[in-house]
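A.B. asks: If you scroll down you'll find the structure; I have some questions about it.
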Amino acid sequence: MQPADTALTRMYNQPTQKLPNGQVVGLLYKNPIDCLWKTLKTEGALGWYKGIAKANFVPLRPCINLLFRNYGPLSANSTSHDYHADDE
């Protein structure tokens, strides 16, 4: 996740409070810039990239699993690799 994604995710998931006039406001951050600033102060710049591994690699797990599980059987039946070491 990029810093903007992290800030917006934190904005959406922050606790809120309903004011007497009916407006709903966040309790932690005023806006995305405020969120990025508070994250920088409390967690450092690496806090902006929190969740990058999950966002980029977890959706690929099923594909990688299928690839490695089926690579052996599929490559054993392939006719495009007819080269054998003992044919020389």
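Only the coordinates and a few stated rules stand behind these numbers; no lab work does. Computed from a prediction, not measured in an experiment: that's the story for all the values here. Here the Cβ is made from the backbone with ideal geometry for all residues, glycine too, and neighbour counts use every protein chain on show.
A.B. asks: Using 0.36 nm per residue of separation minus the Cα-Cα distance, give me the extension gain between K50 and T16 in nm, one decimal.
C.D. replies: 10.0 nm
A.B. asks: Please give, to one decimal in nm, the separation of the simple spin-label points placed at L67 and K38, each 7 Å out from Cα toward the Cβ.
C.D. replies: 4.0
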